[in-house]
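One structure is given below, encoded as structure tokens.
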Amino acid sequence: MNLRIVARLINLPENRAVRVQTAAHPLLLLRIGNQVRAFQADCPHAGAPLEDGVICNGHLICPWHKAAFAVDSGAVVEPPALVGLRQYPVQVNAGVVSVGDQPIAPEPPAPRLDARCFAVIGAGAAGTAAVATLRREGFAGRLLWIDREANPAYDRTALSKFVISGEMAAEDTPPLLEEHSFADLGIHGEVKRLDAAAKCIELVDGRRFDYDAAQVASGGAAQPLDIPGAVLSNVFVLRSRDDAARIADAAQSGACAVIIGDSFIGLEAASALRQRGLVVQVVSRHEVPLAAQLGRRIGAALRQLHEDNGVIFHSNTEPERFDGHGAVSTVLLKNGKRLAADLVLMGVGVKPATAFVHGVSRTDDQSLSADAQLQLAPGLWAAGDNVTFAWHQQPVRIEHWRLAQQLGVLAARNMLGDAQAFSEVPFFWTYHFGKTFEVLGHAQHWNRLHLVGDLQRHTFIALLCRDDQVETVIACQYQQAMARLSRRMRQPLGKTEALELIRQTRH
Ligand SMILES: Cc1cc2nc3c(=O)[nH]c(=O)nc-3n(C[C@H](O)[C@H](O)[C@H](O)COP(=O)(O)OP(=O)(O)OC[C@H]3O[C@@H](n4cnc5c(N)ncnc54)[C@H](O)[C@@H]3O)c2cc1C
Ligand code: FES
């Protein structure tokens, strides 16, 4: 092994990661007392510079989407990363830090015999995280990983941000796993029926599989509107890579796009298409977008950001019908206005994809009803957008990428014999005109808002509190504070302590 001198111990602060450039590649150095660890410097999820992250209670938190890694080993602790950090050997001699040029090979899990058959239905956020977990934990039985898409396990969140904006070709959407990809492990096919009592899965093409434990990670289907003209061509929904490819093809610069709904996906699409040079109009039942999730002040600031970039809003109305010959050409609104449209995107909600599951309870929205450990029936768990589960004694269903992955990991561990309940803080991010908005928590009962920073300049952090207890935090350009809060908010947090933590954290 070749060792290269990379730093002096005295120059490495504690509790702060430092990036150093070697001839071969950048490294991240972490000092713990008189010991130093060296890792790859960029996050394996989407390449964030990890020196901008924070260290909390033995974990390094990525600044961008809050993946967590163990500081002693680099092992992944929280998604969106699904693999740990490459670690390099370190020597400290007389205060001089040297690092080896080859990464330490991870210990392969001890081989063991396992006669069980596990099934994971779905290769989206939850299902892929589940498979990565089963592999990492050394599951050695038979694994059936089933998806109806031929080439799934890609980063769906990129579709509304970078694919329809034309910055990324649909086929370049980042894969979720390099190793153990769907092409290596998966079964391409649509599940027609899962019989929870018989522990049996049947595919549309007639193949049948018995399982010992299964996870339903089938997500949801974007709902089209049930109005005249919804079947015209160039009227789209956006869920899959194929949907995004079709929208990207139709989105020629100068064309007119009408977005139905002011959901996060609708607004991300508005931003992406506007940046591509389309005329973009958003039709929505509300004056202020996302007021329920973000509050009226932040929702209004988000609308202003869109308006400042040329998006036109038609509020307090909805479409009556879409008109055109073959392809859509106009949208008639219930308020009588008619909008020119070369393409329409319906962003009005998602229906859980659960019709094939038999012998379990459902809630009114057709999601699967699970207990706190995500279990539906003996040997059967669910994870992701399709499940309502108990969180702090309340039933919740939350459609976030990182949360779906966390649930997939949890359900996989419970399939292996654990009995864990979800105790993390929901997190999501959304991207509009170059600004990333981050949300921690799940606003339900807040009655006070405390704002730090400048909402209009999109440099702010807002505490949504129930009296003096923080329920949700929303921020733009406060990544380090949000990284700290992603760990701290696992326990109840008062407003005063939260404000102090924000004050002490660089951003
Ligand atoms: C365009 C877009 C952008 C988004 N951006 C963000 C974001 O920025 N931040 C954020 O937090 N969240 C975002 N989300 C939400 C996030 O993507 C979802 O919460 C997440 O994908 C849910 O994961 P899941 O595994 O439950 O479902 P999915 O990721 O949808 O995966 C479900 C999989 O199951 C398969 N499947 C379904 N039924 C069957 C069947 N019968 N047989 C076989 N296979 C089946 C599907 O083909 C699919 O591959 C976005 C969503 C979309 C659509
Ligand atoms: S880049 Fe690190 S979690 Fe996304």
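The values are calculated or read from the model by the stated rules, or taken from the named source; none is laboratory data. None of these values were measured; they are calculated from a predicted model. Backbone-built Cβ (ideal geometry, glycine too); neighbour counts: all protein chains shown. With ligands, DNA and RNA removed, areas are computed over all heavy atoms of the protein, side chains included. Shrake-Rupley method; radii C 1.70, N 1.55, O 1.52, S 1.80 Å.
Amide H to amide H distances under 5 Å link Ala230 with Phe322, where only residues 5 or more positions off or on other chains count and H is placed in the peptide plane.
Excluding Leu238 itself, calculate the net charge of residues whose Cβ lies under 15 Å from the Cβ of Leu238, where each Lys or Arg counts +1 and each Asp or Glu counts -1. Mind showing how you got there, number by number?
On the way: positive: Arg156, Lys161, Arg239, Arg241, Arg246, Arg276, Lys351; negative: Glu149, Asp155, Asp242, Asp243, Asp249, Asp262, Glu268, Asp385, Glu399.
So the environment of Leu238 carries a net charge of -2.
Once you sort the root eigenvalues of the Cα gyration tensor of the chain as a ≥ b ≥ c, which label holds: rounded (a/c under 1.5), prolate (a/b larger than b/c) or oblate (the other case)? Walk me through the intermediate numbers first.
Working: a/c = 1.67, a/b = 1.23, b/c = 1.36.
Judged from the Cα gyration tensor, the chain comes out oblate (a/c at least 1.5, b/c at or above a/b).
How large is the accessible surface per residue of the range 235-348, computed with a 1.4 Å probe and reported in Å² as a whole number?
Working: 4510 Å² over 114 residues.
Per residue, the range 235-348 has an accessible area of 40 Å².
For the range 211-288, chymotrypsin sites (Phe, Trp or Tyr not before Pro) are listed when DSSP marks them as loop and at most 14 other Cβ atoms sit within 10 Å of their Cβ; the list is empty.
Spacing of the modelled spin labels on Glu178 and Arg296, each 7 Å from Cα toward Cβ, amounts to 5.0 nm.
On a full-extension model of 0.36 nm per residue, what is the gain between Asp210 and Gln469, subtracting their alpha-carbon distance, rounded to one decimal in nm?
Taking Asp210 through Gln469 to full extension adds about 88.5 nm, to one decimal.
Using a simple spin-label model with pseudo-atoms 7 Å out from Cα toward Cβ, Asn335 and Thr459 lie 3.5 nm apart.
Could you work out the mean projected area of the convex hull around the alpha carbons of the range 235-348, in square nanometres to one decimal? Present the calculation step by step, with values, prior to reporting the outcome.
Details: hull surface 26.8 nm².
Orientation-averaged projected area of the Cα hull: 6.7 nm².
Give me the net charge for the shell around Asp184: Cβ to Cβ below 14 angstrom, other residues only, Lys and Arg +1, Asp and Glu -1.
With Lys, Arg at +1 and Asp, Glu at -1, the net is -2.
Projecting the Cα atoms of Val77, Phe118, Ala105 onto the charge dipole of the range 38-123 (Cβ charges, centred on the Cα centre) puts Phe118 farthest toward the positive pole.
Per-residue counts of other Cβ atoms within 10 Å, averaged by peptide: what ranking do you get for 144-152, 447-455, highest first?
Details: 144-152: 19.7, 447-455: 14.6.
Highest mean packing first, the order is 144-152, 447-455.
Taking 16 Å as the cut-off, the amide N atoms of the range 7-23 that come nearer than this to a point 7 Å along the Cα-to-beta-carbon line of Asn93 belong to 7-9. Both the radius of gyration and Dmax for the range 288-423 are 20.4, 59 Å, in that order, over alpha-carbon atoms. When peptides 173-182, 242-251 are ranked by their average number of other Cβ atoms within 10 Å per residue, the highest-first order is 242-251, 173-182. Surface analysis of the range 3-100 yields an accessible area of 42 Å² per residue, using protein heavy atoms and a 1.4 Å probe.
Calculated mean residue ellipticity, 222 nm, the chain: -5000 deg cm²/dmol, from DSSP H runs (n ≥ 4) at -39500 (n - 2.57) each, averaged per residue and rounded to 500. Could you work out the local net charge near Gln281, counting Lys and Arg as +1, Asp and Glu as -1, over the other residues with Cβ closer than 11 Å to its Cβ? Spelling it out: positives minus negatives among the neighbours equals +2.
Surface composition of the chain: carbon and sulfur atoms hold 47% of the protein heavy-atom accessible area at a 1.4 Å probe. Backbone amide hydrogens, once placed in the peptide plane, bring Val96 within less than 5 Å of Leu9, excluding anything fewer than 5 places away on its chain.
Accessible surface area normalised per residue over the range 434-504 is 45 Å², counting heavy atoms of protein chains with a 1.4 Å rolling probe.
Of the peptides 281-287, 488-494, 157-163, the ranking by mean beta-carbon count within 10 Å, highest at the top, reads 157-163, 281-287, 488-494.
Amide H contacts for Ala214 (H built 1.01 Å from N in the peptide plane; partners 5 or more residues away or on another chain; cut-off under 5 Å): Ala119, Leu380, Trp381.
Seen through its C-alpha gyration tensor, with square-root eigenvalues sorted a ≥ b ≥ c, the range 434-504 comes out prolate because a/c lies at 1.5 or above while a/b is bigger than b/c.
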